[in-house]
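Down below is the structure, laid out as structure tokens.
The values are calculated or read from the model by the stated rules, or taken from the named source; none is laboratory data. A quick note: this is a predicted structure, and the numbers were derived from the prediction, not measured. Using ideal geometry, Cβ is built from the backbone for each residue, glycine included, and neighbour counts are taken over all protein chains shown. Just the protein is used for accessible areas: all its heavy atoms, side chains included, with ligands, DNA and RNA removed. Shrake-Rupley method; radii C 1.70, N 1.55, O 1.52, S 1.80 Å.
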Amino acid sequence: MNQPFDTWQQRFETLRSNKFFEAFVIAIIVISALVIGAKTYEEETSRFEQWLLYLDLAITVFFLVEILIRIAAEGSLIRFFRRGWNVFDFVIVTASLIPMDDSEMVLLARLLRIFRVLRLVSMIPELQMLLSALVKSIPRMGYVVLLMFIIFYIYAAIGSFLFADVDSFLWGNISISMLTLFRIATFEDWTDILYATQEVYAWSWIYYLTFIFLTAFIFLNMMIGIVLDVMQKESAALDVLTNGEDVDETHALRNEVSEMRSQLDRMEAALSGQRADNARTDIDKNRQD
């Protein structure tokens, strides 16, 4: 009863895992991104607007067919939605079905189509590993950010007390001072701020250099170290998963070979028994003759 369904499921699974099919899906995602970018040039693309609309419709239909193939390859909706990236792809494809007409939903439809570019992440395992490492790094980076905020707050308060009379626009209060310090931390014309305060306080260079040393060197390297550590763990986990899948496939093949051998042994035993029965029958007939 389930043999035709299993056959189609195997075909869809083979198609889904085909490298050319995956490359074609990635190419369609890139084309979709280019179409979205082309629509931002309204004057240049006004004459091709109808063709771009047809192309967008074709891309949407392709994504719908592709997600249906992947669901059919899994053989079960529950199994398909157990993986977070499948849920993400399903939401993106479903949201892309919002029509691109002149209704009030046209802006929402355009915004949702932009997120189709993120499907590249779900198609490429290496990008999944990078994004996963970034997300898992956020809790650990939170403590570094908290420490940075404390340093920013202390330096902003000191700067507001010392330099408010030099330039109230940059050091007028603690919130403005924190914005100024952020500008200094990103090295955006920070020397102009330094020279302005040095004309009044010659020792102010100590304030700036210590702040830059803490933020630009220590805290930045701490964040980089956290991300690299998590990326290394994620890469090791991906290697283990890949090797585990290879081991599972090897075990499955070995089990199939064992089953085939046992079936051949049973068939050989049955044939041997049948031959023995035929030989006994022939002997009995010869004796009767």
Q. How much area per residue is accessible in region 127-230 when the probe is 1.4 Å and only protein heavy atoms are counted (Å²)?
A. 59 Å²
Q: Can you send over the carbon and sulfur percentage of the accessible area for region 142-209, probe radius 1.4 Å, protein chains only?
A: 71 percent
(Q) Over the Cα atoms, compute the radius of gyration (one decimal) and Dmax (the largest Cα-Cα distance, rounded to a whole number) for region 132-214, in Å. (A) 14.4, 49
Q | Low-density loop positions, GluC sites (Glu not before Pro), region 162-236 - DSSP coil, at most 15 other Cβ in 10 Å | A | Glu188, Glu199
Q | Formal net charge of residues neighbouring Trp171 (Cβ-Cβ distance under 13 Å; K, R +1; D, E -1) | A | -1
Q: Determine the relative contact order of region 126-241: mean sequence separation of Cα pairs under 8 Å and six or more apart, normalised by residue count, in whole percent.
A: 36 percent
Q) In Å and whole numbers, how far do the C-alpha atoms of region 79-189 stretch along each principal axis, longest first? A) 62, 39, 22
Q: Can you list which of the chymotrypsin sites (Phe, Trp or Tyr not before Pro) found in region 148-243 are DSSP loop residues with at most 12 other C-beta atoms within 10 Å?
A: Phe187
